[in-house]
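Participant: My questions will all concern the structure given below.
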Amino acid sequence: MQPLSTQIVGSYVKPQWLVRHGHEHHHDGSWWRPEPDVLQDAMDDAVLLAIDEQERAGLDVVTDGEIRRQHYDRHFVQGIGGISRKTIRDKEFTSELKSKTARTDFGELWQNFRLSPTITGPLEWISSPAVNELRFLKKHARRPVKAPIVGPFTLYDRLADEYYQRPEDAILALAEVLNRELKELEAEGTDVLMVADPALHFKLSRSREIGKAAIERLLEGVTTPVVLHVCYGYAKYSTSKMINPSYPEVLRLLSETPIQAMSIEYEQPGHSPDLLTEAGGKHVHLGLIGMGTHEIETPEHIADRLREALKIVPPERLHPSTDCGMWFLPRHVARGKIEALVKGTNIIRRELSIDIPEYASR
């Protein structure tokens, strides 16, 4: 990770011609617009578009945009043994659904969450749903690449559990399963691995109890740099985000784990640079592009936020990024935002006499 390397966090735009926005909680196939016989070709085209737009904007590290994933978390259930789909009983529905979405209109969503992924036996890794995605990305990208997966805390919160005696046992088992997933991606070859685990700061007491142990198990034997992303959830469901008072403690916890970097949602909640003192000696992927508005940040705003952050974190450990995933934004908005991220970073690179890659100078 070069000084001030730029990249997105999570997903890029999922085009209107590929998916039906507003149907993301439907699990009957209606999320995807193309017919099944051309769906894979359409996904390939959308991934190529995501790669191209990231590279044309001048980002230093690119992803496949998580284009093939209807959900960044449930996407990995298909590769895990010990999980089946079971019908949620009506009396369990309200609490179950409230834990899975910020929405309050449950009528339509009830029909789509009735079949819930449920832990019914010992969890084990079976196959990787992400290796083929990484293989396609590497074939077409001209920059360093990043491969993202879900974290064990967040994945557990998307599952019903009928097998493990305690949530902590299931989370540690998921960490072991996802460790295998990381190793499969590492064997395929990637410059950076990312683990998205926003649930770390939503249930702080649980994170205090087993957070370090779960992350250590997750990263055991992994040598590729790992970034752990902790966000507040998609802005599509929460356009007004208040600072979570537990957030600094979670960053302190991460600073004591084997991760190389932490990815912080910084812009939309309105965090200030004093938060960055909690990062210790870790690299920081700093979210400077908010998702709660279609307004495109100015390069000058990005530069101002970076100047303040650089008082705490040196440039060799600071990496400008987006707050969170961009899948629901209009393409022109997302493209404008990542272009602003690169231009604002270049202002600071010039001030610090850091070389600007030719591809980022346009």
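The values are calculated or read from the model by the stated rules, or taken from the named source; none is laboratory data. Just so it is clear, the structure is predicted and the values come from calculations on it, not from any experiment. Note: ideal-geometry Cβ built from the backbone for every residue, glycine included; neighbour counts use all protein chains shown. Note: areas computed on protein heavy atoms with side chains; ligands, DNA, RNA excluded. Shrake-Rupley method; radii C 1.70, N 1.55, O 1.52, S 1.80 Å.
Participant: Filter segment 1-51 down to the residues that are touching a residue at least 24 places away in the same chain (Cβ under 8 Å), among the small types (Gly, Ala, Ser) and on the phi < 0 side of the Ramachandran plot and list them by number.
Facilitator: Scanning segment 1-51 gives Ser5, Ser11, Ala42, Ala46, Ala50.
Participant: Is there a residue in segment 280-303 that is modelled with pLDDT of 95 or more, over 17 Å from Leu200 (Cα atoms), assigned to a loop (DSSP other than H, G, I, E, B) and aliphatic (A, V, I, L, M)?
Facilitator: Scanning segment 280-303 turns up at least one residue that is modelled with pLDDT of 95 or more, over 17 Å from Leu200 (Cα atoms), assigned to a loop (DSSP other than H, G, I, E, B) and aliphatic (A, V, I, L, M).
Participant: Same structure, new question: Scan segment 318-342 for residues that are outside any loop (DSSP other than H, G, I, E, B) and surrounded by 20 or more Cβ atoms within 10 Å (Cβ to Cβ) and report the count.
Facilitator: As a first pass, look at segment 318-342 and keep what is outside any loop (DSSP other than H, G, I, E, B): 318-322, 331-342.
Checking the rest, the ones that are also surrounded by 20 or more Cβ atoms within 10 Å (Cβ to Cβ) come to 318-322, 334, 337-338, 340-342.
Qualifying residue count for the region: 11.
Participant: Name the one entry in Asp197, Asp157 that is surrounded by fewer than 23 Cβ atoms within 10 Å (Cβ to Cβ), among the charged types (D, E, K, R) and farther than 28 Å from Ala360 by Cα.
Facilitator: Only one candidate qualifies: Asp157.
Participant: Among the residues of segment 208-229, count how many are of a type outside the set (Val, Ile, Thr), open to solvent by less than 10 Å² (accessible area, probe 1.4 Å) and either over 19 Å from Arg166 (Cα atoms) or modelled with pLDDT under 95 (or both). Even if it seems obvious, please write down each step before you answer.
Facilitator: Step one: of segment 208-229, the residues of a type outside the set (Val, Ile, Thr) are 208-209, 211-214, 216-221, 225, 228-229.
After this cut, where a residue has to be open to solvent by less than 10 Å² (accessible area, probe 1.4 Å) as well, the list is 211, 214, 218, 228-229.
In the following step, the residues that additionally are either over 19 Å from Arg166 (Cα atoms) or modelled with pLDDT under 95 (or both) were identified as 228-229.
Total satisfying the criteria: 2.
Participant: For segment 243-255, which residues satisfy the criterion of being open to solvent by 40 Å² or more (accessible area, probe 1.4 Å), out of contact with any Gly (no Cβ under 9 Å at 6 or more places or on another chain) and assigned to a loop (DSSP other than H, G, I, E, B)? First the steps, then the outcome.
Facilitator: As a first pass, look at segment 243-255 and keep what is open to solvent by 40 Å² or more (accessible area, probe 1.4 Å): 243, 245, 249, 252.
Filter once more, so that each one left must be out of contact with any Gly (no Cβ under 9 Å at 6 or more places or on another chain): 245, 249.
The answer is Pro245, and nothing else.
Participant: Sort out which residues of segment 184-206 are charged (D, E, K, R), assigned to a helix (DSSP H, G or I) and within 18 Å of the chain's Cα centre (by Cα), and write them in order of number.
Facilitator: Once the filter is applied, which keeps residues that are charged (D, E, K, R), assigned to a helix (DSSP H, G or I) and within 18 Å of the chain's Cα centre (by Cα), segment 184-206 yields only Glu186.
Participant: Read through the list (1) in contact with a Lys or Arg (Cβ under 9 Å, 6 or more places away or on another chain); (2) under 20 Å from Val150 (Cα atoms), then give the number of the only condition that Pro225 fails.
Facilitator: Only one criterion in (1) in contact with a Lys or Arg (Cβ under 9 Å, 6 or more places away or on another chain); (2) under 20 Å from Val150 (Cα atoms) is unmet by Pro225, namely (1).
Participant: Do you know which of the residues in segment 53-92 that are modelled with pLDDT of 95 or more, touching a strand residue (DSSP E or B) at 6+ places or on another chain (Cβ under 9 Å) and assigned to a helix (DSSP H, G or I) is surrounded by the fewest Cβ atoms within 10 Å (Cβ to Cβ)?
Facilitator: Glu55
Participant: Limited to segment 207-227, what total is found for residues that are in contact (Cβ under 8 Å) with a residue 60 or more places away in the chain and either within 16 Å of Tyr156 (Cβ to Cβ) or part of a helix (DSSP H, G or I) (or both)? Give the steps one after another, and end with the answer.
Facilitator: Going residue by residue through segment 207-227, those that are in contact (Cβ under 8 Å) with a residue 60 or more places away in the chain are 214, 218, 225, 227.
Filter again for either within 16 Å of Tyr156 (Cβ to Cβ) or part of a helix (DSSP H, G or I) (or both), leaving 214, 218.
Residues meeting the conditions: 2.
Participant: Moving on to the next point. Just one of Ile302, Ile354 is surrounded by 24 or more Cβ atoms within 10 Å (Cβ to Cβ) and over 20 Å from the mean Cα position of the chain (by Cα); which is it?
Facilitator: Only one candidate qualifies: Ile302.
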